[in-house]
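Input: a single structure, listed below in C-alpha cells.
Values in this text are rule-based calculations from the coordinates and carry no lab data. Keep in mind the model is a prediction, meaning the values are calculated, not measured. In this analysis, Cβ positions are derived from the backbone assuming ideal geometry, glycine residues included, and neighbour counts consider all displayed protein chains.
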Amino acid sequence: MSDKKIDLTPLKKAGVPIFFIVGGPGSGKGTQCEKIVAKYGLSHLSSGDLLRAEVKSGSSRGAELTKIMEAGQLVPLTVVLDLIKEAMLKEVAKGSKGFLIDGYPREVAQGDQFEAEIMPAKLAVYFEVSEDTLVKRLLKRAETSGRADDNMDTIKKRLKTFNEATAPVVAHYEKKGKLARIKAEGTVDEIFAEVVKHLDKAIKA
Ligand SMILES: Nc1ncnc2c1ncn2[C@@H]1O[C@H](COP(=O)(O)OP(=O)(O)O)[C@@H](O)[C@H]1O
Ligand SMILES: Nc1ncnc2c1ncn2[C@H]1C[C@H](O)[C@@H](COP(=O)(O)OP(=O)(O)O)O1
Ligand SMILES: [Mg+2]
C-alpha cells in the first residue's frame, strides 16, 4: 500500500473541514464521535478501527500490526496515514461534509505529515481524563469489546505510549492555537455539550 502513490486531488479539492480527535485510551473518543456524527453528519474515521479492519482482511502485514497493537505501541506512521488517505478518498467520493479523524495524531510527526500532505486540520479536540478513570473505563470495556489490547498489561503500555508520544501532540496544537481541551470525566451528554460549543465555533470560523 505504501509503495503506491495515492492521488489526493479529489480530497484537496473537496476542501471540507477536518477535526483531529485526541485523548488517552478510553477517554471517550469513539463515544463522542458517534454523537458528533449524529448531529453534524461528519465522516468518522478511527485509526484504530482502520487498523483492526486491515488485520481482519488477512493482509500480509496484519500479523505484524497485531503484535504492535498488543504491545501498546504505535504502528508505523506511513501505514496509518495511507489507511486514512484511502478511507478519506472513499468518503469524499460519497460527498463527505468533513472529517473526524479519531485516534490521530498519536505523535507530533503524524499530525505534521497529515497537514502537509492533505490539508491543515481546523481543530484538535482533546479529551482530558485522569489515568484512574481511563483504566476503569477500559477494564469495563474489556468485558464486551473483544479487543486484544483491552487487558491490564496492554493498558499500562498504552498509557505509557500516550504519555510519551501523544502528550506532546496536545502541546503542539495548543501552541498553534488549534486545541480544544475538554475535561472529559463527566457524563457522555455533559461532555458532548462542551464538544458542541467548540465545534460550532470552529465550523463558523
Ligand atoms: N463520559 C463517559 N463516562 C463513562 N464512561 C464512558 C464515557 N465515555 C465513554 N465511556 C466508556 O468508556 C469506554 C471507552 O470509551 P471509547 O469511546 O471506546 O474511548 P476511546 O475511543 O477514546 O478509547 C467505553 O466502554 C465507553 O462506553
Ligand atoms: N494514529 C495511530 N498511529 C499509530 N498507531 C495507532 C494509531 N491509531 C491506532 N493505533 C494503534 C495503536 C493503538 O494502541 C491501537 C488501538 O487504537 P484505538 O482503537 O484508537 O484505541 P482507543 O480507541 O482505545 O484509544 O491501534
Ligand atoms: Mg476508540
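Of the residues in the range 51-69, at least one is touching a residue at least 12 places away in the same chain (Cβ under 8 Å) and closer than 14 Å to PHE162 by Cα. Among the conditions (1) among the basic types (Lys, Arg); (2) within 16 Å of ligand 3 (Cβ to nearest atom); (3) touching a helix residue (DSSP H, G or I) at 6+ places or on another chain (Cβ under 9 Å), the only one that LYS85 does not satisfy is (2).
Matching residues to (1) within 19 Å of ASP150 (Cα to Cα); (2) more than 16 Å from ligand 1 (Cβ to nearest atom); (3) part of a loop (DSSP other than H, G, I, E, B):
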| position | (1), (2), (3) |
| --- | --- |
| LYS5 | no, yes, yes |
| VAL16 | no, yes, yes |
| PHE20 | no, no, no |
| CYS33 | no, no, no |
| LEU50 | yes, no, no |
| ALA53 | yes, no, no |
| THR66 | yes, yes, no |
| GLY72 | yes, no, yes |
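Checking each residue in the range 153-191 for being farther than 26 Å from ALA205 by Cα, in contact with a strand residue (DSSP E or B) (Cβ under 9 Å, 6 or more places away or on another chain) and in a helix (DSSP H, G or I) picks out PHE162, THR166.
Restricting attention to the range 36-67, the residues that are away from ligand 2 (no atom under 15 Å from the Cβ) and basic (Lys, Arg) total 1. Filtered by the rule that a residue be touching a residue at least 60 places away in the same chain (Cβ under 8 Å) and assigned to a helix (DSSP H, G or I), the range 80-111 gives ASP82, LEU83, LYS85, GLU86, MET88, LEU89, VAL92, ALA93, VAL108, GLY111. When LYS85, LYS13, LYS35 are checked against the criterion of being out of contact with any strand residue (DSSP E or B) (no Cβ under 8 Å at 6 or more places or on another chain), surrounded by fewer than 13 Cβ atoms within 10 Å (Cβ to Cβ) and charged (D, E, K, R), LYS13 stands alone in meeting it. Residues that are within 16 Å of ligand 3 (Cβ to nearest atom) and charged (D, E, K, R) were ranked within the range 99-113; the one that is farthest from the chain's Cα centre (by Cα) is ARG106.
A single member of SER145, SER96 is near ligand 1 (Cβ under 10 Å from one of its atoms) and either surrounded by fewer than 13 Cβ atoms within 10 Å (Cβ to Cβ) or more than 17 Å from the chain's Cα centre (by Cα) (or both), and it is SER145. From the list SER43, SER57, the one residue that fits, being of a type outside the set (Lys, Arg) and exposed (fewer than 13 other Cβ atoms within 10 Å of the Cβ), is SER57.
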